[in-house]
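Taking it in order: structure first as structure tokens, then the write-up.
The values are calculated or read from the model by the stated rules, or taken from the named source; none is laboratory data. Here the structure is a predicted model, which means the values were calculated and not measured. Neighbour counts are summed over all protein chains in view; Cβ atoms, including those assigned to glycine, are modelled from backbone coordinates with ideal geometry. Only protein heavy atoms, including side chains, enter the accessible area calculation; ligands, DNA and RNA are left aside. Shrake-Rupley method; radii C 1.70, N 1.55, O 1.52, S 1.80 Å.
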Amino acid sequence: MPRNTLNRQLNMVQDEILILGSMVEQATRAAVGTLKSRDLREAKLVFEQDQIINEKRFAIENAILILMATQQPMARDLRTLAALLEVNTELERMGDYAKGIAKVTLRMGNAEVNLPMVEINQMAELAVGMLHRALSAFIEENANLAVAIPKEDDRIDELFNTAYSKILHEMVANPSTIDNVNLALWVIHNLERMADRVSNICERTVFIATGELFEMDGMDEEDLNV
Amino acid sequence: MEDMNQPSKYAIETRGLNIFYGDFQAVKDISLQFERNRITAIIGPSGCGKSTVLRAFNRMNDFVPSAHATGEVLYHDQNINHPSVDAVQLRRLIGMVFQKPNPFPKSIYDNIAWGAKMNGFRGNTDDLVEETLRQAALWDEVKDNLKKSALALSGGQQQRLCIARALAVRPEIILMDEPCSALDPIATLKIEDLMRELSQNYTIIIVTHNMQQAARASDYTAFFTMDTDRSGIMVEYNETSLIFTKPKDQRTEDYITGRFG
Amino acid sequence: MNQMEPKTFGSNQEMQDAEKNFLHRRHQRARLAQSVFQLTTLLAVIFLAALLVTVVNKSMGYVVVENKVDPSTLSDRPLSELNNTELAQILRENLRKNRVRTLERAGFLEDQSQSTLVQLVETEIIQPEVVESYNLFPSLIKRSKIKADAASTYPNAKVEFRYWLNGTFLTNSMASQPELAGVRSALLGSLQLILITILTAFPIGVGAAIYLEEYASHKSRINRLIQTNIDNLAGVPSIVYGILGLALFVRALQPFTSGALFGVDGQNGRTILSAGLTMALLILPILIINAQEAIRSVPDSLRQASYGLGATRWQTIWHHVLPGAMPGILTGTILAISRAIGETAPLIVVGASTFITSDPTGPFSSFTALPIQIYNWTTRPQPAFQHIAAAAILVLLIALLSLNAAAILLRNRFAKRV
Ligand SMILES: Nc1ncnc2c1ncn2[C@@H]1O[C@H](COP(=O)(O)OP(=O)(O)OP(=O)(O)O)[C@@H](O)[C@H]1O
Ligand SMILES: [Mg+2]
């Protein structure tokens with residue numbers, strides 16, 4: 001089978017994407033962890049390491065462009081590279097969300113704040129899990145797996161709503177800490193957005209496999225002709 | 001041919017076309033419709049019968065003694081394989097540009113004037129030469145040297161001259177069999193631009209090995225491949241934008257992603 | 001050439017040595033091949049030179065001429081200074097009555113031109129005879145010995161240097177004395193014959209080649225049979241063509257070839273026309289094969305281009321195939337004509353005369369040709385005939401070369417049109 005060069009380089013880019021993905025996962029977990037531990041050194045580290053994620057994203061983008069220019073991919077190869085480009089951007093954004101959460105910790109410092117940590121932790125775990133499986137499905141180009149993942153978003157939305165009302169209550173109950181509690185809204189928003197972006201990755205997976213592009217969140221199974 | 005002027009939806013259409021070289025079936029059951037004023041590319045692996053099919057459209061296969069065809073090639077609703085069809089007139093109406101530029105060993109001017117004269121052209125030859133050379137985007141390069149031998153031109157210029165020569169006999173359809181395979185990339189792009197320009201007035205069918213070229217230059221693409229018995233079949237025919245981004249057939253996919261064979 | 005050790009590339013010494021050895025052997029073989037080809041070329045050149053040298057050697061040299069009657073006994077002044085009356089007087093005094101009467105049949109001797117009279121005196125009375133002749137090389141090297149020998153053996157003879165190929169040789173017709181014989185009628189015969197040959201063979205040959213290449217299906221059994229036959233006919237010995245010509249043109253088509261059909265008073269079919277047609281038959285296969293080759297060498301892409309524009313078969317042939325093939329066809333024609341002009345055997349069979357003193361008057365006249373004349377002369381015992389045969393060979397060669405030159409000019413004009 002010809003096209004060994006293209007295959008090899010494509011695999012390399014996919015590996016890099018997986019690495020980028022795990023960097024994002026790790027950053028998210030660490031950032032959410034610092035909310036509880038208030039380990040400001042750790043938070044600062046997460047905040048700064050986003051720079052590494054950004055650089056990796058540019059390196060991957062560059063590699064994809066070179067592949068497109070030199071190998072002239074067509075059809076599935078072309079779709080794969082276009083999807084990789086998209087996923088690359090999505091992951092970098094997710095990195096930004098993790099960075100935003102770390103920033104929240106830094107803002108709060110050691111102040112005593114009552115946060116809905118149960119929901120936040122659950123959201124983070126769910127989002128990271130979705131991302132992880134979405135990336136696996138993406139690399140395997142497994143549309144069936146990918147289609148299932150965005151549906152877990154409902155659970156995240158539920159948690160978001162619960163956390164949201166808890167935060168509002170806390171604001172009303174303890175107006176003195178409103179500044180810091182307000183920052184918690186930022187955290188749950190970031191986590192919720194992160195899950196949305198996972199859906200985008202799943203959309204790209206279906207795109208690679210079928211060539212079809214459509215919006216996935218809030219979609220019933222019957223609509224996905226996979 | 002009575003109904004030569006009756007409009008038909010397609011410029012040319014084949015129905016169940018089979019072409020044989022002796023006992024060997026070169027292509028099998030080809031049914032294709034070529035849209036008017038569009039560029040259609042035929043792609044496929046070597047030996048799958050692209051040129052054979054193309055030559056069937058202007059009966060150039062007549063010169064291969066062993067070749068014969070069954071099925072229909074409809075042009076103006078007339079099956080051109082019918083013995084009553086005048087192949088000489090047909091070849092004027094369906095012009096051909098070949099893989100290797102093949103200008104006549106005459107001057108640039110005579111290259112263009114000759115075909116027209118043979119077909120009974122009565123008008124002003126100077127005007128015709130200028131007009132077709134302009135259409136073929138060659139005029140500015142040769143206007144001062146019309147008496148120069150066509151063989152002294154570069155390959156790309158020669159090929160454009162061949163296109164101009166084909167235009168000079170006022171065809172409706174232009175068949176091109178790998179017209180750029182002997183040309184450098186710039187000359188190739190020039191010809192592709194030219195094809196786009198010409199498609200306003202002509203129907204163009206191009207056979208090419210260069211998938212990028214088919215992708216760049218054509219509106220529709222037909223993918224041919226070889227069946228298990230080595231005869232050519234048509235696998236997929238669709239808009240070029242679809243063939244090259246999401247082909248329906250796995251064989252097309254394999255071929256255009258370069259994973260054929 | 002300097003025999004420097006050639007440089008080779010590579011870092012490994014052992015490999016380098018092996019490779020050097022191998023290279024050396026390859027170069028050696030290449031040089032050997034080159035020398036073999038040089039040698040063969042050299043041989044060809046030597047043969048050609050030897051041919052030319054022998055012919056030229058024989059065609060000029062010293063001759064010892066002895067007169068039957070010493071011109072000084074006829075008159076104290078040189079003949080050329082005498083007037084008509086004096087010359088006629090000499091003729092009347094020295095010739096027998098009968099001879100004079102024969103000579104005067106057309107008119108009084110006095111009324112003929114002075115130069116004719118001088119010639120008559122020379123041929124009828126003085127009768128110079130070449131008693132001894134030498135080739136060019138001996139003449140150049142042993143000049144004084146020749147003169148001394150001549151003086152002792154033939155005290156009355158004169159020694160002079162003679163170009164056997166001279167003006168009178170070209171303008172004189174056949175004669176029984178070598179000194180007086182010329183090639184005029186043979187040359188004219190050859191030229192007329194070749195003209196007829198070309199005019200028949202060229203159109204027929206080219207036509208047949210066009211049919212076989214452009215129209216005939218290469219698959220049909222009949223066409224393949226025809227093709228095989230043509231290929232084989234090219235190798236048939238020329239004498240066979242002579243016999244065919246004899247049966248066909250001389251005998252079967254006698255009314256046509258003798259000119260009787262056209263009201264010409266021809267007695268038999270042994271005419272230039274018969275010979276020309278026989279020669280045409282002889283070169284036809286060569287011509288067809290060459291023309292086919294030339295037509296085949298016209299690239300198919302040109303035909304396709306032409307047909308693709310809606311040209312008919314004939315338009316394609318006439319405008320592209322023939323002009324493209326013409327240089328090759330003409331080259332083939334040159335070769336064929338060269339063959340025809342030198343052929344002897346079929347002419348003998350068809351009935352060329354070996355002794356004819358009058359010029360051919362047209363296609364229906366009897367004739368002789370240069371090779372016949374040469375053949376005839378070389379069979380004569382007198383040494384002088386060998387010299388005029390050599391001179392005739394030179395004439396033949398020159399005729400051949402000029403025909404070829406003309407054809408080459410024509411061919412180049414065709415080639416340049418492209
Ligand atoms: N003149 C001929 N006689 C016999 N067989 C032929 C002839 N021309 C083509 N073929 C056969 O027909 C088949 C199709 O040939 P064709 O030239 O149409 O292929 P193609 O698709 O144009 O290939 P390529 O891309 O190499 O030009 C091949 O198997 C070829 O061997
Ligand atoms: Mg082809």
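Can you give the charge dipole size of chain A about its Cα centre, rounded to the nearest 20 debye, using +1 on the beta carbon of Lys and Arg and -1 on the beta carbon of Asp and Glu?
880
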- Query: Which order, highest average first, do C:52-61, A:188-197 follow once you tally other Cβ atoms within 10 Å for each residue and take the mean per peptide?
  - Reply: A:188-197, C:52-61
- Query: Counting only residues 5 or more places away or on other chains, whose amide H sits under 5 Å from the amide H of B:ASP227 once H atoms are built in the peptide plane?
  - Reply: B:GLY232, B:ILE233
- Message: Tell me which of A:ILE178, A:ASN144, A:LEU213 sits at the most positive position along the dipole axis of segment A:107-226, charges placed on C-beta atoms (Lys, Arg +1; Asp, Glu -1).
- Response: A:ILE178
- Note on the structure: Shielding of B:100-108 by other chains, given as the mean Cβ count within 10 Å, works out to 4
- Inter-centroid distance (Cα atoms) of segment A:174-198 relative to segment C:92-141, Å: 143
- Query: Using every alpha carbon pair in segment A:84-140, what percent of pairs falls into each 5 Å bin from 0 up to the bin containing the largest distance?
  - Reply: 4, 14, 18, 24, 16, 11, 7, 4, 1, 0
- Note on the structure: With x for Gly and Pro, the residue-by-residue ³J(HN,Hα) of segment C:126-141, computed from phi through the Karplus equation 6.51 cos²θ - 1.76 cosθ + 1.60 at θ = phi - 60° and given in whole Hz, is 5, 6, x, 10, 7, 8, 8, 9, 10, 6, 4, 5, x, 4, 6, 7
- Task: Among DSSP beta bridges lying fully in the protein assembly as shown, give the percent that are antiparallel, nearest 5.
- Result: 65
- Hey, can you find the accessible area per residue of the protein assembly as shown for me, probe 1.4 Å, expressed in square angstrom? 49
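Per residue of chain C, what 222 nm ellipticity follows from adding -39500 (n - 2.57) for every DSSP H run with n ≥ 4, rounded to the nearest 500? Mind showing how you got there, number by number?
Working: 19 runs with 259 residues, N = 418.
Result for chain C, helices only: -20000 deg cm²/dmol.
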- Note on the structure: Fraction of alpha-carbon pairs in segment A:1-92 farther than 23 Å apart, rounded to whole percent, equals 35
- Between the modelled labels at A:ILE19 and A:HIS169 (7 Å from Cα along Cα→Cβ) the distance in nm is 4.6
- Query: Once you wrap a convex hull around the alpha carbon atoms of segment C:1-79, what is its projected area averaged over all directions, in nm²?
  - Reply: 10.8
- Message: How long are the semi-axes of the equivalent ellipsoid of segment A:4-225, defined as square roots of 5 times the Cα gyration tensor eigenvalues? Whole Å, largest first.
- Response: 35, 21, 11
- Query: If you place +1 on the Cβ of every Lys and Arg, -1 on the Cβ of every Asp and Glu, and leave all else neutral, what size is the dipole of chain B about its Cα centre, to the nearest 20 Debye?
  - Reply: 440
- Positive-pole candidate from C:SER306, C:THR85, C:LEU282, dipole of chain C, charges at beta carbon: C:SER306
- Item | Placed amide H near B:ALA67: partners under 5 Å, 5+ positions off or other chain | B:GLY22
- Task: Summarise the partner chain shielding of C:309-318 as one whole number: the mean count of Cβ atoms from other chains within 10 Å of each residue's Cβ.
- Result: 6
- By the mean-Cβ-within-10 Å protection proxy, highest first, B:217-226, A:40-49, C:99-108 rank as B:217-226, A:40-49, C:99-108
- Note on the structure: With Rh as the Kirkwood radius over Cα pairs, segment C:12-129 has Rg/Rh of 1.69
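Lys and Arg at +1, Asp and Glu at -1: add these up for the other residues within a Cβ distance under 13 Å of B:ALA217 and post the number.
Cβ neighbours under 13 Å give a net charge of -1.
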- Determine the shape class of chain C: with a ≥ b ≥ c the square roots of the Cα gyration tensor eigenvalues, call it rounded for a/c under 1.5, and otherwise prolate if a/b is greater than b/c, oblate otherwise. oblate
- Query: Tell me, what does the Kirkwood hydrodynamic radius of chain B come to in angstroms if you use every pair of distinct C-alpha atoms?
  - Reply: 18.9
- Show that you can apply the helix-only estimate: for chain A, add -39,500 (n - 2.57) for every DSSP H stretch of four or more residues, divide by all residues, and state [θ] at 222 nm to the nearest 500. -29000 deg cm²/dmol
- Query: With Cβ to Cβ distances under 14 Å as the rule, what net charge do the other residues near C:GLU104 carry (K, R +1; D, E -1)?
  - Reply: +3
- Helix-only [θ]222 nm of chain B, DSSP H runs n ≥ 4, -39500 (n - 2.57) each, per residue, nearest 500: -9500 deg cm²/dmol
- Query: Can you pull the percent of Cα pairs in segment A:158-204 with separation above 13 Å?
  - Reply: 59
- Note on the structure: In segment C:184-417, taking the dipole from +1 charges on Lys and Arg beta carbons and -1 charges on Asp and Glu beta carbons about the Cα centre, the listed residue (C:ILE226, C:THR271, C:LEU397) farthest towards the positive end is C:ILE226
- Message: Using the Karplus curve 6.51 cos²θ - 1.76 cosθ + 1.60 with θ = phi - 60°, what ³J(HN,Hα) values do you get for each residue of segment C:339-349, in whole Hz, with x for Gly and Pro?
- Response: 5, 5, 5, x, 5, 10, 3, x, 5, 4, 5
- Message: So if I take the alpha carbon set of segment C:184-417, get Rg, then get Rh from the Kirkwood formula, what is the Rg over Rh ratio?
- Response: 1.04
- Note on the structure: The whole-number value in µm²/s of the Stokes-Einstein translational diffusion coefficient for the protein assembly as shown, with Rh from the Kirkwood sum over alpha carbon pairs at 10 °C and 1.306 mPa s, is 42
- Message: Please report the antiparallel percentage of DSSP beta bridges with both residues in segment B:7-256, rounded to the nearest 5.
- Response: 60
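For segment C:142-245, what is Rg from Cα atoms divided by 2.2 N^0.38 Å, rounded to two decimals? Walk me through the numbers on the way to the answer.
Numbers: Rg = 26.1 Å, N = 104, 2.2 N^0.38 = 12.8 Å.
Dividing the Cα radius of gyration by 2.2 N^0.38 Å gives 2.03.
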- Task: Among the listed pairs C:LYS68/C:LYS97; A:LYS36/A:LYS151; B:LYS147/B:LYS190; B:LYS50/B:LYS100; C:LYS68/C:LYS145; A:LYS36/A:LYS99, give every one whose C-alpha distance is greater than 21 Å.
- Result: A:LYS36/A:LYS151; B:LYS147/B:LYS190; C:LYS68/C:LYS145
- For the protein assembly as shown, with only Lys/Arg (+1) and Asp/Glu (-1) charged at the beta-carbon, what is the dipole magnitude about the Cα centre, in debye rounded to 20? 5220
- Query: Which percent of the accessible area of the protein assembly as shown is formed by carbon and sulfur heavy atoms (probe 1.4 angstrom)?
  - Reply: 55
